[in-house]
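Enquirer: For reference, the structure I am asking about is given below.
The values are calculated or read from the model by the stated rules, or taken from the named source; none is laboratory data. It should be emphasised that the depicted structure is a prediction, and the values quoted were computed from it without experimental measurement. Glycine gets a Cβ as well: all are built from the backbone with ideal geometry, and neighbour counts include every protein chain shown.
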Amino acid sequence: MFSSIRWKFIIVYFLLVFMAMVIVGVFIIRQFEAQQLNNRLNTMTKQVETIISTSSDLSEDDWSDHIEGIQKTLNEWSFEGTQTLYVIYKDDIWRIVASSHKNYHKIIGQNALTYKDLDPTLILAANNGKKEAEIKKDFNENALYQHLAYPVLNEIGQVKGLLYMVDDLEDIYNTIDETKRILTSATMLALVITVILGFLIASSVTEPIRDVTKKAERMAKGDFNQFVEVKSDDEIGQLASMFNYLTLKLKDTIQEMDLEKSKLDTIFNYMADGVIAVDVNGHIIHANPIAIDILDLEENINTEFSQDKIFSMDKIDLKEIDYKDSATLEGDKTVKIKDTVYRIKYAPFRDERNDIGGIIIMFQDITEQHKLDNMRKEFVANVSHELKTPITTIKSYTETLMDHEDIDNKLYEKFLSVINDECDRMARIVRDLLQLSNLDYNKTKWNMVDYSVEKLIEEACLKLEFSFREKKQKLNLSIEEDIPDIVIDKDGIEQVILNVISNAIKYTPENGEISILARQLDDNVVVTVKDNGIGIPEEDIGRIFERFYRVDKGRSRELGGTGLGLSIAKQIVEAHGGDIVLRSEYKVGTEVDIIIPAKKAVIHS
């Protein structure tokens, strides 16, 4: 309780007032006592001087003959009830010759130096011709008395006797005691008033502070809608104003921090890469959803992760991590987790003491990039192989012709025909590669025109009529009535349709059946080419649009394909905002949908 600032204020006020009252009281009592004693001494002195000046007997040099007169003077004088006067004649024994004591007849003639009520030192001290005064305590009566020894001088200035007055000071000290009681009561009253006023004053100071404290506690718990009423312009009012200002600034700062945290959390939780933070003890202290999914962690890891569970770096092939060696705490590597290839980047983070607190690990899914790299390597290998084969053939036949001049004309022409075919094959490969390159880098110039779907299909079929007849294949053509025109690059889309139909012709046996259907589907025109050919195995369907991919490489080359036709067709259709969808069943047949926007075709980069 007394640790409260309110009680500290009260105690301070109490002690200040108490000390002030004590000091003032002591000062007043002492001054009052000194004044009263001085007044009493002055009164006694004036009385003695008056008696000396008015008594003719005391003016005589020899008091022995005037004792009765002196005593008569004392008897006639009106003394206070507390006062006693002694007339001491300086003879050989300092004899008391008169007194105002009621039993003066018993005192007269006694030696003043030995009389119990008189102070011999004071008598002897007054013998020097000056008055002497002193307060003496009567231990028998436990009372204080003022003693005054006043010398009476003869004509030549010598002491001939003393007037010794004793006055009881009880009335003065009774008055002083009463004054002490009054001052004590006043002090008690002042202290009570001080406590009350101190409580009120302290409350006026501490209540705003307590209010600030309570609201600061609420702010510490997250409630920032706390404001203090400003009741004054003093330091407390300034404190309240500053608290309100601090509340506003803190609220704004927290809101900004919450906003930034929300942004960071959103980025952290929705970023495409997985991120985990692992402390030096191996505990995961944070992980985003992608990382949780990658590493099969508990979904509540960020809020209820058990400190008993240790994350093993071996799981992601980071055995080299050593927190004592900073060189091992930063780097990147490629690992495979659950058939997915990740590039792992890791770096240390530091705590508030700038010590290493752990490492942050980022998982970047590079599976597609890995596949693309492999496809690129495979593509380069395929290009090299596709070009190497005709070059090897041309070189072989050319060397044969050069080495054997006696070859007959018929064989010579056959060799030249093979060389010519291989050159054509190389030309087709180079042409297709150039077209793919232009499509990849958006260098193809499209000539967009309105064109009839029916006319487009009929022209394509007409160009392939010889192939149909050669393989005795049946062509079923079905074009929906009122099918809208399409805005296309005529040569490009015709190339797509020719490629799809020619593939159907190539891979459909003699006497097979090929159907071509054109219809409107929502805002698109769909051209479907269906055959009952050899079909495509299920495991190859997903790669059918890859460059140089062939289901049956030997047969494809035999039929004159480069392995690039479907890749080119897909990119042309996608550039028109469309798509190609292929469905196939091995040894049953294949169905290809060419989807093109009906009303407006837009070239897409």
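Enquirer: Take residue 526 and tell me if it is over 60 Å from the mean Cα position of the chain (by Cα) and buried (at least 19 other Cβ atoms within 10 Å of the Cβ). First the steps, then the outcome.
Expert: Values: over 60 Å from the mean Cα position of the chain (by Cα): no; buried (at least 19 other Cβ atoms within 10 Å of the Cβ): yes.
In short, no.
Enquirer: Which residue pairs have Cβ atoms closer than 8 Å, lie 6 or more positions apart in sequence or on different chains, and pair a first residue in region 515-542 that is part of a strand (DSSP E or B) with a second residue that is surrounded by fewer than 18 Cβ atoms within 10 Å (Cβ to Cβ) and of a type in the set (Lys, Arg)?
Expert: Correct list of pairs: 525/519; 526/519; 528/519.
Enquirer: Among the residues of region 94-106, what is the count of those that are free of Cβ contacts under 8 Å to residues at least 24 places away in the same chain and either assigned to a loop (DSSP other than H, G, I, E, B) or crowded, with 19+ Cβ neighbours inside 10 Å (or both)?
Expert: Here the count works out to 5.
Enquirer: Another question about this same structure. Please state which one of 136, 160, 90 is within 29 Å of residue 29 (Cβ to Cβ) and surrounded by 15 or more Cβ atoms within 10 Å (Cβ to Cβ).
Expert: Values: 160 fails: within 29 Å of residue 29 (Cβ to Cβ); 90 fails: within 29 Å of residue 29 (Cβ to Cβ).
Result: 136 is the single residue among 136, 160, 90 that is within 29 Å of residue 29 (Cβ to Cβ) and surrounded by 15 or more Cβ atoms within 10 Å (Cβ to Cβ).
Enquirer: Look through 37, 15, 41 and report the one residue that is farther than 17 Å from residue 177 by Cα, touching a residue at least 40 places away in the same chain (Cβ under 8 Å) and among the aliphatic types (A, V, I, L, M). Full working, then the answer.
Expert: Numbers: 37 fails: farther than 17 Å from residue 177 by Cα; 15 fails: touching a residue at least 40 places away in the same chain (Cβ under 8 Å).
Result of the check over 37, 15, 41: 41.
Enquirer: Moving to a separate point now. Could you grab me the full set of residues in region 204-259 that are in the same structural domain as residue 10 (by TED's automatic domain parsing) and of a type in the set (Val, Ile, Thr)?
Expert: 205, 206, 209, 212, 213
Enquirer: In region 215-272, which residues are part of a helix (DSSP H, G or I), loosely packed, with under 12 Cβ neighbours inside 10 Å and either in contact (Cβ under 8 Å) with a residue 60 or more places away in the chain or of a type in the set (D, E, K, R) (or both)?
Expert: Scanning region 215-272 gives 217, 235, 249, 252, 256, 258, 260, 263.
Enquirer: Further question on the same structure: With 502, 478, 467 as the choices, which residue is touching a helix residue (DSSP H, G or I) at 6+ places or on another chain (Cβ under 6 Å) and not β-branched (Val, Ile, Thr)?
Expert: 467
Enquirer: If residue 181 passes every condition in (1) in a helix (DSSP H, G or I); (2) exposed (fewer than 14 other Cβ atoms within 10 Å of the Cβ); (3) in contact (Cβ under 8 Å) with a residue 12 or more places away in the chain but one, which one does it miss?
Expert: (3)
Enquirer: Hey, could you check region 326-335 for residues that are at pLDDT 80 or above and not hydrophobic (A, V, I, L, M, F, W, C) and say which is surrounded by the most Cβ atoms within 10 Å (Cβ to Cβ)?
Expert: Going through the qualifying residues, I end up with 328.
Enquirer: Going by what's in this entry, would residue 583 be described as in the same structural domain as residue 464 (by TED's automatic domain parsing) and either closer than 23 Å to residue 424 by Cα or assigned to a loop (DSSP other than H, G, I, E, B) (or both)?
Expert: No, not satisfied.
Enquirer: Filter region 492-514 for residues that are touching a residue at least 60 places away in the same chain (Cβ under 8 Å) and of a type in the set (A, V, I, L, M) and give the result.
Expert: Those that are touching a residue at least 60 places away in the same chain (Cβ under 8 Å) and of a type in the set (A, V, I, L, M): 493, 496, 497, 500, 504.
Enquirer: Report whether or not residue 594 is assigned to a strand (DSSP E or B), at pLDDT 90 or above and touching a Leu at 6+ places or on another chain (Cβ under 9 Å).
Expert: So residue 594 fails the test.
Enquirer: Kindly indicate the residue of region 11-44 that is among the charged types (D, E, K, R) and closer than 30 Å to residue 77 by Cα and also nearest to the chain's Cα centre (by Cα) among those meeting that condition.
Expert: This residue is 33.
Enquirer: Please pick out the residue among 163, 118, 122 that is in a helix (DSSP H, G or I), within 20 Å of residue 58 (Cβ to Cβ) and hydrophobic (A, V, I, L, M, F, W, C).
Expert: From the options 163, 118, 122, the qualifying one is 122.
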